[in-house]
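Take a look at the structure set out below.
The values are calculated or read from the model by the stated rules, or taken from the named source; none is laboratory data. Bear in mind the structure is a predicted one, so any value in this text is a computation, not a measurement. Positions of Cβ are generated from backbone atoms using ideal geometry, with glycine treated the same way; all protein chains shown enter the neighbour counts.
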Amino acid sequence: MVRFFVASDPMNSRFKMTLMTRTLTKILLFTATAVLLAGCIRTPEWTLFYVADQMPIPTQIVLQDHISGYYDSLEQCQAKGAGMLRLQASSVPAEQAFVCGELCQVDEQQQLQCKSQVVGTENNAV
C-alpha cells in the first residue's frame, strides 16, 4: 500500500506541526541568546575609585587597586561613593575620598587612563 501526503492526512499535519514547533523554538532560543549577549557586552561609562577606607589617604586615587565599581552614569557613581562614605561614617571629605573616572582603560605602559575625572561630589550630582 502506497501512502500519498494530502492535506487531510493526519501524519502530514503532525509532521508540519513538529517542524514548525522546532523552527519556532530555534528562533526563540537564538533571539534570547542574542539579547542576553548584548546585555553582557555593554561597557559601563564610569569607574568609582574609593580610598576613604585606607590610612593614610593616598594622594593618587586613580589606580587599579582603588576600583570599587562600575556605573552607567556619573550620578550613579557619585551616589555610590557618597553612600560608602556615609556608611563608614568617615570624616574624610568627599574630595579626598573618591573619584569617578569616565571611560577608564589601561594603556600600553599599563597605566590607567580616564577620559575625564570628577572628584567627589563635584557638580552637585548627589
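Points to keep in mind about this one:
- First in segment 106-120 and at pLDDT 90 or above, second anywhere and among the charged types (D, E, K, R) and assigned to a loop (DSSP other than H, G, I, E, B), Cβ under 8 Å, 6 or more apart: Q113/D107
- In segment 70-96, the qualifying residues are those that are modelled with pLDDT of 90 or more and of a type in the set (G, A, S), and the one that is farthest from T59 (Cα to Cα) is S73.
- Taking segment 79-114 as the range and being within 22 Å of the chain's Cα centre (by Cα) and either over 18 Å from G69 (Cβ atoms) or aromatic (F, W, Y) (or both) as the test, the residues that pass are F98, D107, Q113.
- A search for C-beta distances below 8 Å between a residue of segment 65-91 that is farther than 15 Å from S116 by Cα and any residue that is crowded, with 18+ Cβ neighbours inside 10 Å and among the basic types (K, R), counting only pairs 6+ apart in sequence or on different chains, returns S68/K80; G69/K80.
- Members of segment 79-103 that are crowded, with 17+ Cβ neighbours inside 10 Å, in contact with a helix residue (DSSP H, G or I) (Cβ under 9 Å, 6 or more places away or on another chain) and not β-branched (V, I, T): G81, A82, M84, L85, A94, A97, F98, C100, G101
- Test: residue in segment 45-66 that is modelled with pLDDT of 80 or more, surrounded by 10 or more Cβ atoms within 10 Å (Cβ to Cβ) and in contact with an Asp or Glu (Cβ under 7 Å, 6 or more places away or on another chain): yes
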